[in-house]
Every structure is written in structure tokens, then in C-alpha cells.
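One structure below.
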Amino acid sequence: MKILILSCAFPYPPLEGKTQMRTFSFLKYLNQRHDITFVTQASDEVLEEDIASLKQEIPNCIIFPDVTQETTSPRFLEKAKRLGVFFQQGTPPKLLSHYSLKLQEYLDQEIDSGQFDLLTCEGNNGEIYIRPEWQKKLPTVINIHRSLWGVYKHQRENHSGESGLRNQINLPLLRRYEKHYCSKFSAIVTATQTEQKLLKNLKLETPITVVPNGLDLSVFPKRPANSGGQRIIFIGAMDKPANIDAARFFSLEVFPKIRQRYPESILELVGIRPVHEVLELGEYPGIKVTGPVSSMIEYLHWATVCVIPLRKSMGTKIRTLQALATGTPLVASDYGLEGLSVDGTGVPLCAMRANEIDEYVYAIGRLFEQPKLREKLSINGRTLIENEYTWKRMGERYEQILLTTYNTSHKLSDNSP
């Protein structure tokens, strides 16, 4: 097929974040099997060498400058004006502020040319460029990396985000916005089952399919040996509210009880941009806040146990996949293990599940003391990722959705009067 792919987020380097990783991985897979034209935007912060590297992987790559209409933080009146635009037009002002007329004109010309078999929109930021009438010309697919309405809804239900009047106003507006833009597409792809369920609540006629995130196993090799000792790590960006909460919960409520039983145990909080609430945890006995590190892989390989003690979040976590892939014994909450089959009847044990303080202490204690259990989790975790969560596997699933959408569209066209 000849596929036009749009992503407003520049997808290189592919390890910068989930959006970049997901977009680049699908691009790379599809480019090996189809005729791809990739259209994206790049801000002034994107390095020339990154642009060159992307073009080496995806030769037919068209890049437009990221046009930002707003350069300063809006004051109260400006916020009110933006909210008024949201009410009237239905599109969040943040997306409108990056709208490029030149990119729109380019897309209009390409779609009118009739040369493409299918269009995909990677992430909801690009939906602003997709015209509803394009569905009559070619099948269109949106790969929603993150549902804005779903995030707000989850935060409100779990008291983990902004509250008050702004949230009460934004939630129904975002629901209306998401339902509107989803109706422009022939098929919808989500990264998590949670978001699939949320979007199904919108009563859309469009089919919604889950294709989870994956990993490049060449980047996350299994560690050569199962580490003993009593070294615990928690990895993640240390400025995100869910990670701050998890770091403080584990450091202040769980780890002291572990230290009582295992005085030599240490806890390392590994991740970029640690805020004050995280940095101050480094003052407690046995706890080290590393900040950014040169190799996350080395920390995973050296750790006795990796913990993901999230108490608020949604969707399958890349870091969970990383810990499993490297064979690092994992103890995580229901939130940390969301979307994964890691335990239960008939399922090989890949990780220890814990939500309460005593459950963490019990699970980590078992892993400290039982090398065979550590080895079991190490082998099973790696096997799970190899079998189910490689980007090659996810690329195959994504490609099948595109082929099905294309074939369905052509059958409907053939049957039309």
C-alpha cells in the first residue's frame, strides 16, 4: 500500500518518550513493507543530526516547522479567552496554537492527488489537520497514543489531578471534542485496554482496536546473571505526579519496614528531573536519588529487585516492560502491571503483585532470600516480552488493522450504487 502518515510530534530520537518510541517503531516497521510518505513538524529544539537520522530510516520524510502561536504563559484574561475558543470550536487551544497553514495546504494537495491508499494520524495532536470529507476519498486511521478525555476522567475519579471548576468544565468539553474528532476516522487504535473502554463509552460507530506499546529487545538485553544482594530500584521521570506519589509512598512507608528486616538494603530512585519532594528522600537512611543516569540498563541489570509502586496512573507502562525484558525481578502494583498477564491461574509467574505496605515487604523479602524465585521471574518476564511485546509483533498487529481497514473501505466502495 501507499500510506500517508502524519505525526505532529517529531519521532526522533525514539527513546525520548512513549510517543516518539511508538511512532518511530511503527514507521520503521511499515516502511519495510509499504510505500511510506511521512509528514511531521519539528521545533527549533530538534537537532539537525536527529533530522538526518530520521531521514536515513524514512527517506520520504516531509518536515514542517512547528508553528507556536503563543510564546508566553497566558494570564487570567487570556485563559478565559482560550476557554471561550474551546467552547465555540471544540478543539483545545493548545492544539490550535500549533496549527500550520502550510502543512494543511500540503495535506490538502496530497489527498486531492488521489495517490495514497490510506492515511494514518499518529497521536491525536494531528487530528486538527484531518478533514471529515477525506473518508470518502481514502480510509483514515488514528492511532491515539493518549486519550485527553480519558486522562482527565481518570484523574478526576482518582483525585490525582487538578480539581475544581476548571476540571469540571474541561471534562465534558474534552468528551465532546474526542467524540467529534474520532468520528472523522475509519478506524481507531489505542495503546491500552483502559482507553479502548473509555472510547467505547462515547458510542462511536468506528471500530476501536488495542495495539499495546512494545520494546526493541536489542536495546534492552537480558542481564547475564541474576543479582543477589538487597538493592531496590524505582525508575521513572521524577517530576510526574504519579511517580512523585509512588516514590514518597515507598520511601516513607514501605522501605523503613524493609530496612528493619534487612538493614543492608538500599533504595535508588532513578530518573530525570527529580523535584524537591523526591530529592529530600535522599536524606533518609539507605535511599539515594540519582537524577538522570547514563545507562538505565545498567541499573536494571545490577538491581536485586525493581519496584513500580504506582497508586495512580493508567495504561501499560514502558518501564514495566523494560524491567521484565531485562530479567529484573519485579514487584509492582495493579497500576504498574495494568494490561499485562503476569500471574494467576495458568499464567507463568512473571512479577510479584503488591498494593499494600505489608504485601511489598513480603514480596521483596521473598526475592531477597530466594534465588530460585528471582531466576523464575527473570526467565518468565523475558519470555513474556519476547513472545508478546516486541515492536515487530506490535507492527504486525498494526499493519493488520491498516490492511483490514483498507479492504473494508474498498468493499464498501465496490458495493456503493
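The values are calculated or read from the model by the stated rules, or taken from the named source; none is laboratory data. This one's a predicted model, so the numbers in the text were calculated from it and none came from an experiment. Every residue, glycine as well, gets a Cβ built from its backbone with ideal geometry; the counts of neighbours run over all protein chains shown.
Assorted remarks:
- Put simply, of GLY291, GLY228, GLY286 the only residue that is at pLDDT 95 or above, surrounded by fewer than 19 Cβ atoms within 10 Å (Cβ to Cβ) and small (Gly, Ala, Ser) is GLY286.
- Tally of residues being surrounded by fewer than 24 Cβ atoms within 10 Å (Cβ to Cβ) and within 20 Å of GLY228 (Cβ to Cβ) across region 301-323: 3
- Extreme residue, farthest from GLY315 (Cα to Cα), among residues of region 135-163 that are at pLDDT 85 or above and surrounded by 19 or more Cβ atoms within 10 Å (Cβ to Cβ): LEU138
- Among the residues of region 324-373, the one identified as β-branched (Val, Ile, Thr), over 29 Å from ASP216 (Cβ atoms) and loosely packed, with under 15 Cβ neighbours inside 10 Å is THR345.
- Scanning region 100-122 for residues that are out of contact with any helix residue (DSSP H, G or I) (no Cβ under 6 Å at 6 or more places or on another chain) and either farther than 20 Å from ASP35 by Cβ or outside the structural domain of PHE38 (by TED's automatic domain parsing) (or both) yields SER100, LEU101, LYS102, LEU103, GLU105, ASP108.
- Pairs with Cβ under 6 Å, 6+ apart, first in region 125-153 and within 24 Å of GLN20 (Cα to Cα) and in the same structural domain as LYS102 (by TED's automatic domain parsing), second at pLDDT 90 or above and among the acidic types (Asp, Glu): ASN143/GLU122
- Selection count, region 265-282, where residues are crowded, with 18+ Cβ neighbours inside 10 Å and touching an Asp or Glu at 6+ places or on another chain (Cβ under 6 Å): 0
- Pair list, Cβ < 6 Å and 6+ apart or interchain, from region 250-262 residues that are without any contact (Cβ under 8 Å) to a residue 60 or more places away in the chain to residues that are of a type in the set (S, T, N, Q): ARG259/SER265
- Qualifying residue in region 70-91 (condition: modelled with pLDDT of 65 or more and hydrophobic (A, V, I, L, M, F, W, C)): no
- Test result for PHE255, crowded, with 20+ Cβ neighbours inside 10 Å, in the same structural domain as LEU321 (by TED's automatic domain parsing) and of a type in the set (Phe, Trp, Tyr): yes
Per-residue answers, yes or no, for (1) surrounded by fewer than 18 Cβ atoms within 10 Å (Cβ to Cβ); (2) polar (S, T, N, Q); (3) in a strand (DSSP E or B); (4) in contact with a strand residue (DSSP E or B) (Cβ under 8 Å, 6 or more places away or on another chain):
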| residue | (1), (2), (3), (4) |
| --- | --- |
| GLU195 | no, no, no, yes |
| LYS203 | yes, no, no, no |
| PRO221 | yes, no, no, no |
| PRO224 | yes, no, no, no |
| PHE234 | no, no, yes, yes |
| ILE244 | no, no, no, no |
| PHE250 | no, no, no, yes |
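- Scanning region 177-193 for residues that are crowded, with 20+ Cβ neighbours inside 10 Å, part of a helix (DSSP H, G or I) and touching a Gly at 6+ places or on another chain (Cβ under 7 Å) gives a single hit, TYR177.
- Qualifying residues in region 404-417 (those that are exposed (fewer than 14 other Cβ atoms within 10 Å of the Cβ) and assigned to a helix (DSSP H, G or I)) - the one modelled with the highest pLDDT: ASN407
- Segments classed as helices (runs of 4 or more DSSP H), wholly inside region 276-382, with at least 2 members that are over 20 Å from the mean Cα position of the chain (by Cα) and touching a residue at least 40 places away in the same chain (Cβ under 8 Å): 296-302, 357-369
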